[in-house]
Amino acid sequence: MRAVGTTLSRGFDRIERALDVVFGPEWNPMAQLGTLGWFLFWIVTATGVYLFIFFDTGVVNAYTSIEWLTKDHWFHAGIARSFHRYASDLMVAVMLVHLVREFARGRHRGARWFSWVTGVPLIWLVYISGITGYWLVWDRLAQYVAIASTELLDWLPIFGEPVARNFLAPDALSGRFFTLLVFLHIAVPLILLLVMWIHIQRITDARTAPSRELGGIVLAGLLIASLSLPARSQAAADLATVPARVGIDWFILPLYPVMDLVPAGVIWAGVVLFTIGLTALPWLPPKPRPKPVEVFLDHCNGCNRCVEDCPYGAVTLVPRTDGAPFPHQAEVDPDRCVACGICMGSCPSSTPFRRSIELVTGIDLPDLSLKMVREQVIEAAEALEGPGRVLTLACAHGAAGRDVPGRVVLPCVAMAPPSLIDFILSRDLADGVAIAGCAERECQHRFGIEWTEQRIAATRDPYLRARVPRARLATIWAGPTETARLKHELGAFQDRLAALPADGSPTAGARRQSAQSIEEVEP
């Protein structure tokens, strides 16, 4: 399973790198699949409401009203119908690619199981919405879908009379059935919206709208498709005959040709097994979760920075329990914590300069504490030699670069507090520090890149001190398949460091003296 995920992840990264060239990292559609799904849902909803104004229920009237709005009012209602159709197809495609991509990036396990499990019913709700929409058109395709669907439902012992019988004789179907279909086509999307809202409840500051530029591109694409290839009905349904050949929408109706060849019992068994397997995927195979972060009240003043920076809402403020003169303290929900360490990087107590007492911070990772990180940094620095020594703080989800000397791997680069960079340079452990994170288009932990850049720019606490020479700091955002680019940029950075004038930054002696004075002041 892990090998499959790794292969898919590298494949996605290559595709996304190509799309970066076309759209740029900020507009890359692969990095905004979730927001695109929401955007397309609202397009489908808005066009559906507009079309309902012109729709008339009934065995004859349904088809007639659709033809009327498609042909006589093509310039508004007809375009709206095409928008409705193509946005629905695109929503299905976006949903499925989003599902595979999240699996490939391993964002379905551990604390992220909630979003994955609540996403499974979304698949069926989207398909049910599309199927009921096709019924309402009441052309030959709708008749075929109605017969195939009801025959599948008749296999279940839930109806007293076979439902499929209603679509085999003209006198068996009434307009009341279309009223029921309209109700279902409205009710199911409302349930879908509710589940979509539940789906993002464990994500802090969840984004439900793509960038304006990408949204404009999607709207323009849908408009071009609607004008060049308008959505059309097939021939009117005829209950006196059984449709022999129909055109299939392979986005919404891919299973229907299979239903003609496979017994209904097998279809239901496949649906149930697929749903159970997909739901259980976060625990298959079983994998131990990393330990959640721990709060150390002796070093926590309830400043709220870890709460603001946590991408998953795993940290909250609660009333103080230890009698310290602060109103609040941080508290961690272990079920939500993914052990990314971003909260540790945001804590003002996270300073590696301490040495008079044991290095403990307000909130820390048991498996990779700040003390362990400092020890790894010092050990990695010992392997550096020659001019332009570069110590690399690398993201575990970015470019590999395993043979890069002076490399310290972190769950997220935002785990490294800015004071760690100050520590490395002021202690003369390296001539420069490279922060090598995920690809710029999207951080594995959502805000790692953004928070890191803001801390360096001194626009977000804790910020990198002005005394740290920015010429000795480089940021490299590279995906898992961009190892060659990582090494190239590290080499270029090393050359720049070697070429820096002696007075371009503090000398080694000055840096050591500065570090010594800091250690004397800080506890």
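Some points to look at:
- Principal-axis tilt of helix 79-104 within the chain, Cα atoms, nearest 10 degrees: 40 degrees
- Degrees, to the nearest 10: 33-54 long Cα axis against longest axis of the chain: 30 degrees
- Region 271-321 has equivalent-ellipsoid semi-axes of 37, 13, 9 Å, by the square roots of 5 times the alpha carbon gyration tensor eigenvalues, sorted largest first.
- What the phi angles of region 458-471 give under the Karplus curve with 6.51, -1.76 and 1.60, with θ = phi - 60°, is a coupling list of 6, 10, 9, 6, x, 9, 6, 4, 5, 5, 6, x, 5, 5 Hz, glycine and proline written as x.
- Remark: the Cα gyration tensor places region 89-232 in the oblate category, a/c being 1.5 or greater and a/b not exceeding b/c.
- Taking a ≥ b ≥ c as the square roots of the eigenvalues of the alpha carbon gyration tensor, region 170-307 is prolate, as a/c is not under 1.5 and a/b beats b/c.
- The convex hull around the C-alpha trace of region 112-159, projected and averaged over every direction, spans 4.4 square nanometres.
- Hydrodynamic radius of region 444-491 per Kirkwood, over alpha carbon pairs, in Å: 12.3 Å
- Translational diffusion coefficient (Stokes-Einstein; Kirkwood radius from C-alpha pairs) of region 319-399 at 4 °C, 1.567 mPa s, in µm²/s: 85 µm²/s
- Kirkwood-based Rg to Rh ratio, region 264-359, C-alpha trace: 1.24
- Amide H contacts for Arg407 (H built 1.01 Å from N in the peptide plane; partners 5 or more residues away or on another chain; cut-off under 5 Å): Thr392.
- Here Glu294 and Val21 are evaluated by their C-beta separation; at R0 = 51 Å the FRET efficiency comes out at 0.75.
- Cβ-Cβ distance of Met1 and Leu193, R₀ of 30 Å, FRET efficiency by 1/(1 + (r/R0)^6): the value works out to about 0.40.
- CD proxy at 222 nm, helix term only [per DSSP H run n ≥ 4: -39500 (n - 2.57); per residue of the chain; nearest 500]: -16000 deg cm²/dmol
- Exposure rank, largest accessible area first [Tyr50, Tyr463; 1.4 Å]: Tyr463, Tyr50
- Alpha-carbon centroids, region 74-147 and region 310-365: separation in whole Å: 41 Å
- Extension gain, Leu156-Gln376: 0.36 nm per intervening residue step, less the Cα-Cα distance, totals 73.1 nm.
- Cα long-axis angle, helix 264-280 against the chain (0 to 90 degrees, to the nearest 10): 20 degrees
- Computed across region 345-504, the Kirkwood radius stands at 15.7 Å (inverse of mean 1/r, all Cα pairs).
- Per-residue extension of 0.36 nm, minus the Cα-Cα distance of Ala458 and Glu67, leaves a gain of 134.7 nm for this segment.
- Principal axis dimensions, largest first and in whole angstrom, of region 380-442 by Cα: 33, 26, 16
- In the chain, the DSSP beta bridges split such that about 35 percent are antiparallel, to the nearest 5.
- Whole-percent carbon and sulfur share, accessible surface of the chain, 1.4 Å: 63 percent
- Residues of region 236-382: accessible area per residue with a 1.4 Å probe, Å²: 52 Å²
- Normalising the Debye intensity of the chain to I(0), with uniform scatterers on Cα atoms only, and taking log10 at q = 0.09 Å⁻¹ returns -0.76.
- With all protein chains modelled, accessible area of Lys371 [1.4 Å, Å²]: 80 Å²
- Charging the Cβ of each Asp and Glu at -1 and of each Lys and Arg at +1, and nothing else, the dipole of region 100-244 about its Cα centre rounds to 800 debye.
- Rg(Cα) / (2.2 N^0.38 Å) computed for region 66-157, rounded to two decimals: 1.43
- Label-to-label distance for Met259 and Leu281 is 2.3 nm, based on points extended 7 Å past Cα in the beta-carbon direction.
- Across region 7-162, the convex hull enclosing all Cα atoms gives 169 Å³ per residue.
- Scoring 229-240, 83-94 by mean Cβ neighbours within 10 Å over their residues and listing the highest first yields 83-94, 229-240.
- Among the protein heavy atoms, those of Trp68 account for about 100 Å² of accessible surface (1.4 Å probe, every chain in place).
The values are calculated or read from the model by the stated rules, or taken from the named source; none is laboratory data. As the structure is a prediction and not an experimental result, all values here were calculated from the model. Note that we place each Cβ from the backbone using ideal geometry, even for glycine, and neighbour counts take in every protein chain shown. These area figures cover heavy atoms from the full protein model, side chains too; ligands, DNA and RNA do not enter into them. Shrake-Rupley method; radii C 1.70, N 1.55, O 1.52, S 1.80 Å.
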